[in-house]
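First the structure, in the form of structure tokens, and then the observations on it.
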Amino acid sequence: MIFSGAAKGAGVLILAILAAVAIFLLVNAWPAISTPTDELSESVHWIKEGDSLLDYVGPLVFGTVLAALIALIIATPVAIAVALFISHYAPRKLAQIFGYVIDLLAAIPSVVYGLWGALWLMPQMFPVFEWLSEYLGFIPIFQGPAASPPRTILTAGIVLAVMILPIITAVSREVFLQTPTLHREAALALGATRWEMIRMAVLPFGRSGIISAAMLGLGRALGETMAVAMVLSPGFVYSFFILQAGQQQNIAANIALKFPESSGLGVNVLIFTGLVLFAITLLVNMIARWIVSRRAEFSGAN
Amino acid sequence: MATVQTPPSVELSSPGLTRGKLPRYAPVVLLVLSFAAVGGLFAALGSFSVPLTVFLGIILYAVVILVVTTFVEGARAARDRLATTLMYSAFGLAVVPLVSLLWTVLENGLERFNGYFLTTTMRGVFGGMDAGGAYHAIMGTLEITAFATVISVPIGMLTAIYLVEYGPKSKLGRGITFFVDVMTGIPSIVAGLFAYALFVLFFGPGVRMGAAGSVALAVLMIPVVVRASEEMLKLVPNELREAAYALGVPKWLTIVKVVLRTAAAGLVTGVMLAIARVIGETAPLLIVAGVVDSANFDLFEGRMMTLPVFVYGQYTQGLAPPGPDSIITINYDRAWAAALTLILIVMVLNLIARIIARIFSPKTGR
């Protein structure tokens with residue numbers, strides 16, 4: 001009785017912790033929300049004169065979403081192809097090892113990614129970015145001049161893409177492996193090539209799984225701090241120029257950079273931005289998990 | 001009279017029914033040829049570079065194999081070959097960052113990675129001095145992570161027991177499962193802000209201490225522990241539980257003596273993997289545990305350095321001012337060495353976890 005109570009209590013405690021995160025953030029963000037606009041920009045020096053709290057958070061949300069989307073656009077196709085490779089192309093015996101190799105990417109701490117991105121990747125990427133801005137500069141997002149060193153949101157997006165690749169791969173691989181063997185064998189028996197079998201049996205079956213995998217990756221990319229803080233040169237405008245430095249910033253990196261030397265109302269403002277980030281990631285993750293759980297209920301593959 | 005009707009054999013073997021087939025070695029040969037062609041072209045132009053050769057070589061190979069297969073085997077087979085090429089190159093592309101990252105960390109980190117680095121703090125080290133190490137950061141990381149484990153393992157495991165043994169079908173159980181999944185997606189920085197907000201209540205604004213870092217890490221660790229333990233408990237065969245019940249053993253004793261004991265190795269593996277996941281967290285510790293140069297062993301008093309924050313701190317200091325005995329890149333060198341230490345810790349944890357899982361995994365007959 002005591003034991004079952006303790007077990008149940010621990011479960012309830014987890015729900016309480018999640019609620020506490022939201023409540024504590026809200027309580028600590030409240031001073032920033034309730035302070036009138038002029039007073040706010042007066043007492044927090046990095047808020048521009050006359051800007052309201054929302055004017056400050058807006059560009060940050062924009063930068064967060066932009067960086068995450070760049071990462072998602074790069075990572076999703078590669079991750080799906082890798083998942084298909086591991087589940088359907090690689091030799092059986094090697095497939096598990098390849099799976100471990102991709103999982104290793106997830107084991108590396110984010111700060112090491114940041115270090116690698118800032119000190120190794122940036123010099124490698126500069127010629128590519130220069131080429132992009134020179135020959136594709138007529139497309140607005142690639143408008144130059146390409147920043148040197150490329151402390152731009154595109155570099156940050158590439159690092160984020162590497163970081164979210166393992167989770168997208170892992171989830172979609174699971175889904176692909178669940179494709180009923182009969183569907184696959186039926187397709188092959190009708191004379192389909194391997195690619196046609198994948199297109200007709202595996203991908204339709206795994207579509208919702210791919211979507212939720214991508215959303216989970218998006219959730220990761222939205223909240224990633226260190227890699228962005230170490231690579232990106234921050235700016236606070238709504239800007240689509242992904243090859244120029246000092247244009248965007250993401251919420252998490254902004255908190256990490258400003259928090260250590262903030263006090264008073266500044267801390268409250270940062271906690272408010274954290275609350276916004278929490279709300280966004282919570283929403284994305286809930287949608288992703290909802291898709292997964294809905295799928296589990298009516299798929300016969302479990 | 002007895003004319004035997006000869007089957008129209010000529011028409012049966014008409015070219016329409018069977019297509020030609022490329023020999024098995026064709027793709028490999030074509031790939032090598034493409035690399036040679038692109039590499040040769042670059043060498044002739046005098047600007048040879050490996051990444052560009054590989055990149056353009058694969059593109060050339062994709063085009064060539066598409067054309068060749070279309071003529072020999074038909075359009076459907078050609079599309080299949082193209083897809084195969086794409087899958088293989090995607091995997092290659094995904095491995096590039098891993099290899100380059102491990103290589104750069106080893107190359108740059110090994111130089112300063114020695115006994116001195118592991119046993120010295122940064123106390124009194126400034127500028128480009130050829131001194132200083134990560135001892136304080138390593139101790140801080142170990143202490144903070146250990147305390148986070150102490151907090152999160154009981155909560156996580158009890159929750160997993162509840163989910164598997166008591167309430168797998170109940171509304172509360174499903175709710176907890178859902179929110180545990182959602183909780184895995186909490187950004188680490190938000191966990192840090194939560195720990196800060198919690199400790200401000202007791203210690204006033206501007207609080208920095210190791211224990212707060214542990215709380216932040218525990219928030220990130222609990223869902224991982226729950227998920228891993230849940231999977232392991234589900235693997236325990238129901239027959240064992242029923243045998244215990246049949247002998248009149250109460251439920252809680254069955255769980256403690258039978259279920260947990262059977263799943264012990266798996267549970268340890270899960271906890272180790274969870275530790276490996278949070279030990280590299282930087283952002284929350286930067287916020288609540290702070291930055292300090294000397295060793296501090298007290299979790300509840302004052303700032304505490306950790307290894308990931310050490311890497312970040314050294315990186316942000318940038319190049320040291322030039323001087324007579326000054327090593328300009330010393331801060332970056334220390335950052336790389338600390339990164340190497342961190343990766344080694346994570347890898348060892350992962351390795352131990354996998355070995356335990358391999359040796360003690362319950363024989364489920366699968």
Q. Roughly how big is the protein assembly as shown's charge dipole about its Cα centre, with Cβ charges of +1 (Lys, Arg) and -1 (Asp, Glu), in debye to the nearest 20?
A. 2560
**Q.** Translational diffusion of chain B, µm² s⁻¹ [Kirkwood Rh, Cα pairs; Stokes-Einstein; 25 °C; 0.890 mPa s]
**A.** 95
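In the stretch B:112-193, which trypsin sites (Lys or Arg not before Pro) are in a loop and have at most 15 other Cβ atoms within 10 Å, using DSSP for the loop call? Don't skip to the end; give the middle numbers.
On the way: sites: B:Arg112, B:Arg123, B:Lys169, B:Lys171, B:Arg174; in loops: B:Arg112, B:Arg123, B:Lys169.
Here the sparse-neighbourhood loop sites are B:Arg123, B:Lys169.
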Q: Could you give log10 I(q)/I(0) at q = 0.12 Å⁻¹ for the stretch A:67-298, computed by the Debye formula over C-alpha point scatterers of equal weight, without solvent?
A: -0.77
(Q) If I take every Cα pair under 8 Å that is 6 or more residues apart in chain B, average their sequence separation and divide by the length, what percent do I get for the relative contact order? (A) 20
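Work out how much length A:Phe240 to A:Leu13 would gain on full extension: take 0.36 nm times their residue separation and subtract the Cα-Cα distance, in nm to one decimal.
Values: separation 227, 0.36 × 227 = 81.72 nm, distance 4.30 nm.
Contour length minus Cα-Cα distance gives 77.4 nm.
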Q: Considering the options B:Phe199, B:Leu286, B:Met87, tell which one lies farthest towards the positive end of the dipole of chain B, charges being +1 on Lys and Arg and -1 on Asp and Glu at the Cβ, about the Cα centre.
A: B:Met87
Q) Could you give me the ³J(HN,Hα) list for the stretch A:169-186, computed from phi with Karplus coefficients 6.51, -1.76, 1.60 and θ = phi - 60°, whole Hz, x at Gly and Pro? A) 4, 4, 5, 5, 4, 4, 5, 4, 5, 7, 3, x, 4, 4, 4, 5, 5, 4
Q.
At 0.36 nm per residue, and after removing the present C-alpha to C-alpha distance, how many nm does the segment from A:Ile73 to A:Ile141 gain when stretched out fully?
A. 23.0 nm
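With charges set only on the Cβ (+1 for Lys and Arg, -1 for Asp and Glu), what does the dipole of the stretch A:67-298 come to about its Cα centre, in debye to the nearest 20?
Numbers: 13 positive and 9 negative charges, 115 e Å.
Dipole about the Cα centre, nearest 20: 560 debye.
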Q. When only DSSP loop residues count, what chymotrypsin sites (Phe, Trp or Tyr not before Pro) in the stretch A:120-150 have their Cβ near at most 13 other Cβ atoms within 10 Å?
A. A:Phe138
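Would you please give the FRET efficiency between B:Tyr116 and A:Ser148, computed as 1/(1 + (r/R0)^6) with r the Cβ-Cβ distance and R0 = 45 Å, to the nearest 0.05? Before the final figure, lay out each step's value.
Values: r = 37 Å, r/R0 = 0.81.
Efficiency, rounded to the nearest 0.05: 0.75.
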Q: Return the sequence-ordered ³J(HN,Hα) values of the stretch A:60-68 in whole Hz as given by the Karplus equation 6.51 cos²θ - 1.76 cosθ + 1.60 applied to θ = phi - 60°, using x for Gly and Pro.
A: 5, 4, 4, x, 4, 5, 4, 4, 5
Q) Taking H as built 1.01 Å from N, whose amide H comes closer than 5 Å to the amide H of B:Met122, not counting residues under 5 places away? A) B:Gly133, B:His136
Q.
For a quick check: with amide H placed at 1.01 Å from N, whose amide H comes under 5 Å from A:Gln247's, ignoring anything fewer than 5 positions away on the same chain?
A. A:Gly235
**Q.** Total charge dipole magnitude, the stretch B:20-109, about the Cα centre, Cβ charges on Lys, Arg, Asp, Glu only, Debye to nearest 20
**A.** 340
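When only Cα pairs under 8 Å and 6 or more residues apart are kept, what is the percent relative contact order across chain A? Kindly include the intermediate steps, with their values, before the conclusion.
Details: 402 pairs, mean separation 82.8, N = 302.
It comes to 27 percent, rounded to a whole number.
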Q.
Pairs of alpha-carbon atoms within less than 8 angstrom and 6+ residues apart define the contacts here; what relative contact order does the stretch B:35-86 have, in percent?
A. 27
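Which FRET efficiency value, to the nearest 0.05, is calculated for B:Ser170 and B:Val150 with the Förster distance at 35 angstrom and r the Cβ-Cβ distance? Spell out each step's value before the answer.
Details: r = 29 Å, r/R0 = 0.82.
Computed FRET efficiency for B:Ser170 and B:Val150: 0.75.
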Q: Determine ³J(HN,Hα), in whole Hz, for all residues of the stretch A:228-241 in sequence, where each value follows from phi through the Karplus function 6.51 cos²θ - 1.76 cosθ + 1.60 and θ = phi - 60°; x replaces Gly and Pro.
A: 6, 4, 8, 9, 7, 8, x, x, 10, 10, 7, 9, 9, 6
Q. Considering the dipole of the stretch A:37-93 built from charges on the beta carbon (Lys and Arg +1, Asp and Glu -1) around the Cα centre, which of A:Gly63, A:Phe85, A:Ala75 is farthest to its positive end?
A. A:Phe85
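Compute the orientation-averaged projected area for the protein assembly as shown from the convex hull of its Cα atoms and round it to one decimal in nm². Don't jump to the answer; show the numbers that get you there.
Details: hull surface 165.7 nm².
Result: a mean projected hull area of 41.4 nm².
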Q | Centroid-to-centroid separation of the stretch A:221-297 and the stretch B:110-145 [C-alpha atoms, Å] | A | 31
**Q.** Positive-end residue, the stretch A:67-298 charge dipole about Cα centroid, Cβ charges, pick of A:Gln247, A:Tyr113, A:Trp131
**A.** A:Tyr113
Q: In nm, give the distance between the simple-model label positions of A:Trp30 and A:Phe126, each being 7 Å from the Cα along the Cα-to-Cβ direction.
A: 5.1
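Based on the alpha-carbon set only, what is the convex hull volume of the stretch B:162-239 divided per residue, in Å³? Each step should come with its number before you reach the end.
Working: hull volume 8.3 nm³, N = 78.
Per residue, the Cα convex hull of the stretch B:162-239 comes to 107 Å³.
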Q | Excluding exposed DSSP-loop chymotrypsin sites (Phe, Trp or Tyr not before Pro) (at most 15 other C-beta within 10 Å), longest clean stretch of chain B | A | B:127-296
Q) Straight-line reach from B:Lys257: which lysines have Cα under 30 Å away, leaving out those fewer than 8 places along the same chain? A) A:Lys8, B:Lys169, B:Lys171, B:Lys234, B:Lys363
Q: Under 26 Å Cα to Cα from A:Lys258, which lysines show up? Leave out anything in the same chain fewer than 8 places away.
A: A:Lys48
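222 nm [θ] for the protein assembly as shown, helices only, -39500 (n - 2.57) per DSSP H run of 4+, per residue, to 500? Before the final figure, lay out each step's value.
On the way: 28 runs with 465 residues, N = 668.
That calculation yields -23000 deg cm²/dmol at 222 nm.
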Q | Burial ordering of B:Ile144, A:Ile33, fewest other beta-carbon atoms within 10 Å first | A | A:Ile33, B:Ile144
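Where a number appears in this text, it was derived from the coordinates with a stated rule and is not lab data. Computed from a prediction, not measured in an experiment: that's the story for all the values here. Positions of Cβ are backbone-derived with ideal geometry, glycine not excepted, and every protein chain shown enters the neighbour counts.
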